[in-house]
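Engineer: Here it is, the structure, as structure tokens.
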Amino acid sequence: MVKIRLKKLGSKKRPYYRIVVQDSRAPRNGACIEEIGIYHPVETEEKQISFNEERAKHWLSVGAQPSDTVRKIFNKKNLTVR
């Protein structure tokens, strides 16, 4: 199964994440199929989230399942996820 989830980068107490499309069996920081955006929780509100909405819609349409956190991020940016 293909999942859309977060890949953790950054240093201790300064994390940032990439929103990636990955096989669900792959490790969190393993090889990914495609990177579609970033989530930087330490930044200001307008700089926290950026992702390619077109590619996210594509992956959702072909059956990729977002993780709970990614679903919340998409909902913040008004990308409806079932």
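Engineer: Return the residues of the stretch 44-82 that are of a type in the set (S, T, Y) and touching a Leu at 6+ places or on another chain (Cβ under 9 Å); say none if nothing qualifies. Even if it seems obvious, please write down each step before you answer.
Structural biologist: So in the stretch 44-82, the residues of a type in the set (S, T, Y) come out as 44, 50, 61, 67, 69, 80.
The answer is S67, T69.
Engineer: Can you name the strands (runs of 3 or more DSSP E) wholly within the stretch 1-77 that have at least 2 residues being of a type outside the set (S, T, N, Q) and in contact (Cβ under 8 Å) with a residue 40 or more places away in the chain?
Structural biologist: Values: elements: 2-11, 14-23, 34-39, 49-51.
Because the criterion is at least 2 residues that are of a type outside the set (S, T, N, Q) and in contact (Cβ under 8 Å) with a residue 40 or more places away in the chain, the strands (runs of 3 or more DSSP E) in the stretch 1-77 that meet it are 2-11, 14-23.
Engineer: I need the full set of residues from the stretch 25-70 which are modelled with pLDDT under 90 and either among the hydroxyl-bearing types (S, T, Y) or under 18 Å from V81 (Cα atoms) (or both), in order please.
Structural biologist: T44
Engineer: While we're looking at this one, here's another question. Considering each residue of the stretch 3-20, count those that are out of contact with any helix residue (DSSP H, G or I) (no Cβ under 9 Å at 6 or more places or on another chain), surrounded by 10 or more Cβ atoms within 10 Å (Cβ to Cβ) and not hydrophobic (A, V, I, L, M, F, W, C), and give that number. Walk me through how you get there before you give the answer.
Structural biologist: Of the stretch 3-20, the ones out of contact with any helix residue (DSSP H, G or I) (no Cβ under 9 Å at 6 or more places or on another chain) are 7-16, 18, 20.
Next cut, surrounded by 10 or more Cβ atoms within 10 Å (Cβ to Cβ) only: 7-10, 14-16, 18, 20.
If we keep only those that are not hydrophobic (A, V, I, L, M, F, W, C) as well, we get 7-8, 10, 14-16, 18.
Matching residues across the stretch 3-20 total 7.
Engineer: On the given criteria, is V20 in contact with a Ser or Thr (Cβ under 8 Å, 6 or more places away or on another chain) and of a type outside the set (F, W, Y)? Give the steps one after another, and end with the answer.
Structural biologist: Numbers: in contact with a Ser or Thr (Cβ under 8 Å, 6 or more places away or on another chain): no; of a type outside the set (F, W, Y): yes.
So V20 fails the test.
The values are calculated or read from the model by the stated rules, or taken from the named source; none is laboratory data. In this text, all values refer to a predicted model and were calculated from it rather than measured experimentally. Cβ: placed from backbone, ideal geometry, glycine included. Neighbour counts: every protein chain shown.
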